[in-house]
Amino acid sequence: MQNAPSAILYSPASWFTRLDWSVVFPKRQPIEVDLGCGDGSLLLHWAKKFPDHNWLGVERLKGRVLKLERKAPRLGIAGNLRALRIESGYAVEWLFPPASVAAYHIYFPDPWPKKRHYKRRLIQPEFVAALARTLEPGGFVNLATDHADYFAEMLPCFNAHGGFERVEPLAPATPEEMTDFERDFAMEGRPIHRARFRKVKG
Ligand SMILES: C[S@@+](CC[C@H](N)C(=O)[O-])C[C@H]1O[C@@H](n2cnc3c(N)ncnc32)[C@H](O)[C@@H]1O
């Protein structure tokens, strides 16, 4: 089925070939991807504030991406926001073209706190390698989590890859720049761990 030009929820013609960004977004401009975007309120904020970037939300739950679809037109957002309902690891590994993403945002990925579930965590060495392959030279990965153990596990994945340098993290300046989960955690007073990496080679 053909996507309407203004449709936010994007279904590629094939889930087995790499996306052509010029088909996904009407304008060629830097692409920023929010992996596990949830209800996407931060994406909506950014897409409205930065119309000269293309914003893509990746989320596996249908109800959450449909919220984006409903809210975007009310905010006058159309061309520079899209959502894919798919698993983040698959999207980065198999759908995104090499060296084509300006920045990834990975905020409060599911921590899978039980040891026997660690293998389900998104941030793993192979996934970090896929992030590096699909980032443009100089592109960024932004991370935030409330889970100290998971954070401690993320950092060596980036350090061991060898293609990233750690730089000053992004921090929300206003409540609109917080994700939904972050707002809840901030109210509970939970510490938030952040990191930002720039691709320097590979
Ligand atoms: C803890 S919530 C955080 C949502 C949002 N980033 C925020 O900070 O408010 C994690 C989100 O990631 C989605 N998610 C978890 N694992 C995923 C995966 N492998 N692929 C796509 N979405 C995923 C969940 O459905 C959920 O919406």
* Asked: Val23 is checked against (1) outside any loop (DSSP other than H, G, I, E, B); (2) buried (at least 19 other Cβ atoms within 10 Å of the Cβ); (3) away from the ligand (no atom under 16 Å from the Cβ); (4) among the β-branched types (Val, Ile, Thr) and fails just one. What number does that condition carry?
  -> (2)
* Asked: What residue, among those in region 152-190 that are more than 14 Å from the ligand (Cβ to nearest atom) and of a type in the set (Phe, Trp, Tyr), is surrounded by the most Cβ atoms within 10 Å (Cβ to Cβ)?
  -> Phe164
* To do: Taking only region 18-42 into account, find how many residues are farther than 14 Å from Ala83 by Cα and touching a strand residue (DSSP E or B) at 6+ places or on another chain (Cβ under 6 Å).
  => 2
* **Given (1) touching a strand residue (DSSP E or B) at 6+ places or on another chain (Cβ under 7 Å); (2) farther than 17 Å from Ala103 by Cα; (3) surrounded by 13 or more Cβ atoms within 10 Å (Cβ to Cβ); (4) not charged (D, E, K, R), index of the condition Gln124 fails** => (1)
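Yes or no, residue by residue, for (1) touching a residue at least 60 places away in the same chain (Cβ under 8 Å); (2) outside any loop (DSSP other than H, G, I, E, B); (3) buried (at least 17 other Cβ atoms within 10 Å of the Cβ); (4) among the hydrophobic types (A, V, I, L, M, F, W, C):
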{"position": "His45", "(1), (2), (3), (4)": "yes, yes, yes, no"}
{"position": "Asp52", "(1), (2), (3), (4)": "no, no, no, no"}
{"position": "Leu56", "(1), (2), (3), (4)": "no, yes, yes, yes"}
{"position": "Arg70", "(1), (2), (3), (4)": "no, yes, no, no"}
{"position": "Gly79", "(1), (2), (3), (4)": "yes, no, no, no"}
* Asked: Before we move on, is Leu84 aliphatic (A, V, I, L, M) and part of a helix (DSSP H, G or I)?
  -> no
* Asked: Any residue in region 37-56 that is within 16 Å of the chain's Cα centre (by Cα), at pLDDT 95 or above, away from the ligand (no atom under 15 Å from the Cβ) and farther than 23 Å from Arg196 by Cα?
  -> no
* Asked: In region 88-99, how many residues are under 25 Å from Lys48 (Cα atoms) and near the ligand (Cβ under 10 Å from one of its atoms)?
  -> 3
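The values are calculated or read from the model by the stated rules, or taken from the named source; none is laboratory data. No experiment lies behind these values; they were computed from the predicted model shown. Note that we place each Cβ from the backbone using ideal geometry, even for glycine, and neighbour counts take in every protein chain shown.
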